[in-house]
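In what follows, a structure is listed as structure tokens, so that the remarks can point back to it.
The values are calculated or read from the model by the stated rules, or taken from the named source; none is laboratory data. In this text, all values refer to a predicted model and were calculated from it rather than measured experimentally. Reconstructed Cβ throughout: ideal geometry from the backbone, glycine too, with neighbour counts over all protein chains shown.
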Amino acid sequence: MKWAPLVLGLAAVFGSSCLGGEVRPQWTVTVRTDAPLPLVGDRLLVEILDADGALACEACRSVRAAPPGTFPFSFGVVPTARSLRVRVRLHRARAVRGAGTPDPDTTLDTLALLPPTPGPVEMELAMACFGVASQADASCDPATRTLTPVGTAPAPSRKLEEGSWALARAAPCDDAQAPSGMRCAPAGPFFFGSLLEVDEPRDYLTYLSPFYLDVDELSVGRARAAILAGAVGREPRRQSAEPRCVYLGANEARNDDLALNCVDRSLAAALCASEGKSLPTEAQFAAAAGNGALGTRFPWGESTDICAHAVVARSDDTSEPTDCRFAGGTRQPGPARLSDATLDVTFAPSAFRHMGGDLDEWVQDTYRSMFDPYYRSAVPLVDPLSMNRGSATIRGGGWFTNRAFAQSFWRASEGLAGTTHTGFRCAKAVDR
């Protein structure tokens, strides 16, 4: 158990029998949670309030780091002539609004009255109440996920253990059982979206069931095999019709090692289906590109040397981004060969390639703004799939696009026809 011997150093309200000298009557408040750390939070905010909900003293507010292993966390509160209440919040350091206020939509928050007689009490930050903010006289009831009148903190029951939330971890996924060319993808809980996104800085707690994902984008060779087998009834656009398309024809193998472009969304879905797979959902792509719960800014991590890592901004049209084409030597425009070495690789053991660049990639979902109410329809979102009448969604950057598109959270709406910088990869659910 973690013990805060003198929170804020203010003996008038906070105290501890660990200080030596006279032992004063006090409430020993133990905070417990079932939340997985640091995913759900890495900061603990404790406030001692008076009956009106105002801070009971000038220094009755403490913010401290909450690394894994923080809970159960205890501190002492010394009685005063006034009745007191305690509010505790667990949040992410980056998820704060003005004046350092935690974003209520992604915070665990509980409020309780201290009983008349000092002694040990317990407060719970239950994942069942994730995103439900306490009000002046109400706090979330984990049994109903609704606000109920604030109650008195009970005696310790030790019901919650850090990380014991039922969805804290994904079911196992075995790479040895993965179809050829696929690997287990990061599943379990993660935040879908990003607070770094300039236009739509939102993210949502999401849970994904285990799934396999293609290591590489689907190649010309795989497409030709499906076409020759009669598994799909039509072809991608040929290079003879559009010079930057890489498909040469069903009987032409010269570009088999190139990622397939110039493919519309329905044909992409059909090619995946011909292999017993599907396009990944947007959440699946996002989890893989951002390394799951780690939520990295780029598939390869945090390095901002984008041109060295990803096949982006290599246009052969001076009206489009070319800044990576000539960085460190001239690079060829167009999709990369799958056999080419690349630094655009997610963390091991998944090691998916070209999720930041090479080709923008189709996903199953139709496009919604990250502010759309759909993303608030459940907490957490479980295996979300957005299907409305909107445009299609693409993820990841392409050789023709701005280098900022290599960020793991980049997304855009797209028509259904596909372009010279649009491709895809396939996903498959793990059988249970």
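Residues are listed down the side, and each one gets a yes or a no for (1) in contact with an Asp or Glu (Cβ under 6 Å, 6 or more places away or on another chain); (2) surrounded by 22 or more Cβ atoms within 10 Å (Cβ to Cβ); (3) polar (S, T, N, Q); (4) over 30 Å from residue 94 (Cβ atoms):
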site: 173; (1), (2), (3), (4): no, no, no, no
site: 179; (1), (2), (3), (4): no, no, no, yes
site: 187; (1), (2), (3), (4): no, yes, no, no
site: 198; (1), (2), (3), (4): no, no, no, no
site: 215; (1), (2), (3), (4): no, no, no, yes
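For region 72-97, enumerate the residues that are among the β-branched types (Val, Ile, Thr), under 19 Å from residue 153 (Cα atoms) and under 32 Å from the mean Cα position of the chain (by Cα). Lay out the reasoning, then the answer.
Looking only at region 72-97, we keep the residues that are among the β-branched types (Val, Ile, Thr), and these are 77-78, 80, 86, 88, 96.
Pick out the ones that are also under 19 Å from residue 153 (Cα atoms) and you get 77-78, 80, 86, 88.
Once the filter is applied, which keeps residues that are among the β-branched types (Val, Ile, Thr), under 19 Å from residue 153 (Cα atoms) and under 32 Å from the mean Cα position of the chain (by Cα), region 72-97 yields 86, 88.
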Check: Looking at region 394-432, which of its residues are surrounded by fewer than 24 Cβ atoms within 10 Å (Cβ to Cβ), within 19 Å of residue 260 (Cβ to Cβ) and at pLDDT below 95?
Finding: 414, 415, 416, 417, 419, 420
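Give the number of residues within region 90-116 that are assigned to a helix (DSSP H, G or I) and under 22 Å from residue 165 (Cα atoms). Don't jump to the end; show me each part of the working.
Here is the first cut: in region 90-116, the ones assigned to a helix (DSSP H, G or I) are 98-100, 104-106.
Right, trim to under 22 Å from residue 165 (Cα atoms) and you get 104-106.
So the count comes out to 3.
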Next item on the list: Of the conditions (1) closer than 15 Å to residue 214 by Cα; (2) surrounded by fewer than 18 Cβ atoms within 10 Å (Cβ to Cβ), residue 366 clears all except one; give me its number.
Entry: (1)
Check: Just checking, how many residues over region 272-314 are touching a residue at least 60 places away in the same chain (Cβ under 8 Å) and out of contact with any strand residue (DSSP E or B) (no Cβ under 9 Å at 6 or more places or on another chain)?
Finding: 7
Margin query: So residue 340 passes all but one of these: (1) in contact with a His (Cβ under 6 Å, 6 or more places away or on another chain); (2) without any contact (Cβ under 8 Å) to a residue 12 or more places away in the chain; (3) of a type in the set (Asp, Glu). Which condition number does it fail?
Written below: (1)
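For every residue, the table says whether it meets (1) assigned to a strand (DSSP E or B); (2) in contact (Cβ under 8 Å) with a residue 24 or more places away in the chain; (3) outside the structural domain of residue 315 (by TED's automatic domain parsing); (4) within 19 Å of the chain's Cα centre (by Cα).
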residue	(1), (2), (3), (4)
156	no, yes, yes, no
159	no, yes, yes, no
164	no, yes, yes, no
205	yes, yes, no, yes
222	no, yes, no, no
226	no, yes, no, no
249	no, no, no, no
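Out of curiosity, is residue 94 buried (at least 18 other Cβ atoms within 10 Å of the Cβ), farther than 19 Å from residue 376 by Cα and not hydroxyl-bearing (Ser, Thr, Tyr)? Step through it out loud before you land on a result.
Values: buried (at least 18 other Cβ atoms within 10 Å of the Cβ): no; farther than 19 Å from residue 376 by Cα: yes; not hydroxyl-bearing (Ser, Thr, Tyr): yes.
Answer is no for this residue.
Looking only at residues that are among the charged types (D, E, K, R) and farther than 18 Å from residue 73 by Cβ in region 128-164, which one is surrounded by the most Cβ atoms within 10 Å (Cβ to Cβ)?
Taking the candidates together, the pick is 141.
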Note to self: Residue under question is residue 285, and the condition is that it be aromatic (Phe, Trp, Tyr), within 35 Å of the chain's Cα centre (by Cα), under 18 Å from residue 403 (Cβ atoms) and in the same structural domain as residue 364 (by TED's automatic domain parsing); does it hold?
What the structure shows: no
